[in-house]
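Q: Below you will find the structure I want to go over with you.
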Amino acid sequence: MGTEQAGRPTRRTVDDVVDACRQAGVRLIRFLYCDNGGTVRGKAVHVDRLADRMRTGVGLTVAMQAMSSLDQLQPVEGMGPVGEIRLVPDPETFVVLPYAPHSGAMLADHVALDGKAYVAGPRPFLARMAGVLAERDMALSCGIENEFSLARQVGTAFVPIDHSLCFSTIGMAAAAEVVDLMVEALERQGIGVEQYYAELGHGQHELSVSPRTAVEAADVQVLVRETIRGVATGHGLVASLAPKPWPDEAGNGAHAHISLWDASLRCNLFHDDAGRYGLSELAEQFVAGILAHLPGLLGLTAPTFNSFQRLLPEHWSSAYVCWGPDNREAAVRVPSTFWGREMATANLEYKPIDASCNPYLALGGLIAAGVDGIDRRLAPPEPVSVDPHRLSSEERAALHIAPYPVTVGHALDALEQDEVLTSALGPTLLRSYLAVRRSEWEADPATEDPNEPARHFLKY
């Protein structure tokens with residue numbers, strides 16, 4: 001996997017960002033964050049006030065972490081009409097937005113009025129979990145593969161831009177111009193693109209970006225989501241990263257390729273030439289931790305009803321708690337390494353994750369689960385080299401292969417009962433997150449409504 005962190009330049013100052021805005025003709029700078037409902041939100045500051053606002057932050061009501069993706073405020077103690085926090089941007093994340101005229105953006109932290117990290121802030125949570133790894137002289141590397149669907153809006157319907165086959169060059173041709181603009185926009189923001197291809201679903205495509213360390217990987221995920229949608233809009237199309245944009249088409253995942261590196265980011269701790277599939281004992285312990293906490297993890301990584309419309313057996317999205325070498329029906333796939341780059345490319349692919357999640361919470365949860373596996377020296381169950389759905393229930397039981405929770409409601413219950421994950425999140429963040437996600441689950445007439453996917457099309 002590797003990272004893009006080696007030899008990074010001196011950290012940006014407030015003046016550096018203001019100067020960059022002036023040189024690029026930027027007028028409005030967005031302070032972006034991702035909330036408990038997986039929605040990217042923000043406020044924009046004019047360049048004339050940017051220096052002040054970077055130092056003081058921008059005011060934000062405490063209620064926003066209790067706001068659902070339906071824009072309905074949930075009754076969470078301490079998150080009502082009284083109280084304020086600040087959105088404080090990270091200068092290192094500044095980018096000029098190629099798809100938005102005279103606009104820039106920075107990822108922002110939630111900061112309490114006393115200057116400390118807000119206890120319900122998602123980005124500070126992931127920073128804290130990255131700190132847990134740093135205490136062990138480790139760092140997470142993560143690269144995310146985003147699948148998305150391109151459509152034209154015809155009346156109230158969203159129609160795929162093509163009906164091509166998986167990996168078809170016809171699909172590439174149909175989207176060539178807009179995808180080229182997406183790649184250019186990502187490159188101009190300093191985001192490396194690894195691969196692109198037309199995917200299985202009609203109008204479906206996939207872009208993979210270069211790996212970064214934990215917080216930066218989540219930051220990049222927010223920017224990638226914004227870029228895909230922004231470029232598509234400017235091209236007269238609609239892009240959706242919703243897990244299941246059409247009920248009869250393949251779903252969109254945001255597969256996370258993860259590995260642990262030493263503190264210098266030079267040695268991949270997941271790699272061992274003598275290990276099974278080239279994995280170290282540490283990597284297998286990390287796998288074991290993920291599998292042990294997977295029911296609750298799904299409440300963070302696949303947190304919507306729409307998510308569970310994607311997680312179906314024999315859809316290559318995973319539906320069972322298991323792992324295996326190049327097994328695309330497993331929750332954790334061990335990808336084959338690349339010739340001559342075995343150390344750099346040893347990693348784990350976590351499959352039950354999509355763009356409706358908050359990436360800071362999802363990656364933080366994965367770290368908490370994996371570290372628990374390491375600390376307890378857990379051994380994973382036997383790897384699975386077949387489609388687990390083709391096994392009998394008796395065979396699955398013998399191999400300790402359990403199905404995923406039936407609904408996202410059950411996954412949220414599992415999250416609430418998982419002491420490792422709840423301890424990592426902390427009571428305030430956990431309480432607000434569960435309130436938001438449960439309200440979405442309960443408010444959505446989801447379970448009976450065949451039009452449910454359409455309601456998610458423009459959300460993510």
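Q: Using a Förster distance of 22 Å, how high is the FRET efficiency between Ala398 and Trp316, based on the Cβ-Cβ distance and rounded to 0.05?
A: Using R0 = 22 Å, I get an efficiency of 0.35.
Q: Give me the distance in nm between label points sitting 7 Å out from Cα along the Cα-to-Cβ direction at Asp326 and Arg27, one decimal.
A: Roughly 5.4 nm, to one decimal.
Q: Between Trp339 and Leu165, what length comes free when the chain is fully extended (0.36 nm per residue of separation minus the Cα-Cα distance, one decimal in nm)?
A: Full extension from Trp339 to Leu165 adds 59.8 nm.
Q: Something else about it: Could you name the aspartates and glutamates whose alpha carbon sits less than 17 Å from that of Lys116, not counting residues in the same chain fewer than 8 places away?
A: Answer for Lys116, where 17 Å is the Cα cut-off: Glu84, Asp90, listed by chain and number.
Q: Hey, which lysines would be in cross-link range of Lys351, C-alpha to C-alpha under 17 Å, not counting anything within fewer than 8 residues on its own chain?
A: The qualifying lysines are Lys244.
Q: Using just the helices of the chain, give the 222 nm mean residue ellipticity in deg cm²/dmol: DSSP H runs with n ≥ 4 each add -39,500 (n - 2.57), and the total is spread over all residues, rounded to 500.
A: -11000 deg cm²/dmol
Q: Quick one: how many Å² of Val154 are accessible to a 1.4 Å probe, rounded to 10?
A: In the full protein context, Val154 sits at about 90 Å².
Q: Right, another one. To the nearest 0.05, what FRET efficiency results for Glu194 and His46 with a Förster distance of 30 Å applied to their C-beta separation?
A: Numbers: r = 36 Å, r/R0 = 1.20.
The pair Glu194/His46 has a calculated efficiency of 0.25.
Q: On full extension of the chain, what length is gained from Ala379 through Glu177, given 0.36 nm per residue of separation minus the C-alpha to C-alpha distance?
A: Length difference between fully extended and current span is 68.0 nm.
Q: Moving to a separate point now. Give me the number: length gained by fully extending Asp71 to Arg11, i.e. 0.36 nm times residue separation minus the C-alpha to C-alpha distance, one decimal in nm.
A: Numbers: separation 60, 0.36 × 60 = 21.60 nm, distance 3.62 nm.
Result for the pair: 18.0 nm of gain on full extension.
Q: Percent of accessible area on the chain owned by carbon and sulfur, 1.4 Å probe?
A: Roughly 53 percent of what the probe reaches on the chain is carbon or sulfur.
Q: Any idea what diffusion coefficient the chain gets from Stokes-Einstein, in µm²/s, Kirkwood Rh on alpha carbon pairs, 37 °C, 0.692 mPa s?
A: The estimated diffusion coefficient comes to 147 µm²/s.
Q: Assigning unit charges at the beta carbon (Lys, Arg +1; Asp, Glu -1) and nothing else, what dipole magnitude in debye, to the nearest 20, does the stretch 124-245 show about its Cα centre?
A: Dipole of the stretch 124-245, to the nearest 20 debye: 360 debye.
Q: Taking only protein heavy atoms into account and a 1.4 Å probe, give the accessible area per residue of the chain in Å².
A: 40
Q: Still on this structure, please answer the following. Simple spin-label model, 7 Å along Cα-to-Cβ: Ala134 to Asp19 in nm?
A: Between Ala134 and Asp19, the label points sit 2.6 nm apart.
Q: Rounded to the nearest 20 Debye, what is the dipole magnitude of the stretch 253-366 about its Cα centre when Lys and Arg each give +1 and Asp and Glu each give -1 at the C-beta?
A: Dipole of the stretch 253-366, to the nearest 20 debye: 260 debye.
Q: Determine, for each peptide in 234-241, 60-67, the mean count of other beta carbons within 10 angstrom over its residues, then list the peptides with the highest first.
A: 60-67, 234-241
Q: Cross-link candidates for Lys43: which lysines have Cα within less than 20 Å, leaving aside residues fewer than 8 places away along the same chain?
A: The qualifying lysines are Lys459.
Q: Can you find, among Ala151, Ile170, Gly201, the residue farthest towards the positive end of the dipole of the stretch 144-211? Put +1 on the C-beta of Lys and Arg, -1 on that of Asp and Glu.
A: So the residue we want is Ala151.
Q: For the stretch 116-123, what does the Karplus curve 6.51 cos²θ - 1.76 cosθ + 1.60, with θ = phi - 60°, yield as ³J(HN,Hα) per residue in whole Hz, taken in order and with x for Gly and Pro?
A: Result, ordered by residue: 8, 4, 5, 5, 9, x, x, 5 Hz.
Q: Report, in debye and to the nearest 20, how large the dipole of the chain comes out about its Cα centre when Lys and Arg carry +1 and Asp and Glu carry -1 on their Cβ.
A: Result for the chain is approximately 1160 debye, rounded to the nearest 20.
Q: Moving on. With θ set to phi - 60°, apply the Karplus curve 6.51 cos²θ - 1.76 cosθ + 1.60 along the stretch 61-68 and write out the HN-Hα couplings as whole Hz, x wherever there is a Gly or Pro.
A: Whole-Hz 3J(HN,Hα) from phi for the stretch 61-68: 5, 4, 5, 5, 7, 10, 8, 7.
The values are calculated or read from the model by the stated rules, or taken from the named source; none is laboratory data. Bear in mind that the values here come from a model prediction, so they are computed numbers and not experimental data. Note that each Cβ is placed from the backbone with ideal geometry, even for glycine, and that neighbours are counted across all protein chains shown. We work out accessible area using only protein heavy atoms, side chains counted, and drop any ligands, DNA or RNA first. Shrake-Rupley method; radii C 1.70, N 1.55, O 1.52, S 1.80 Å.
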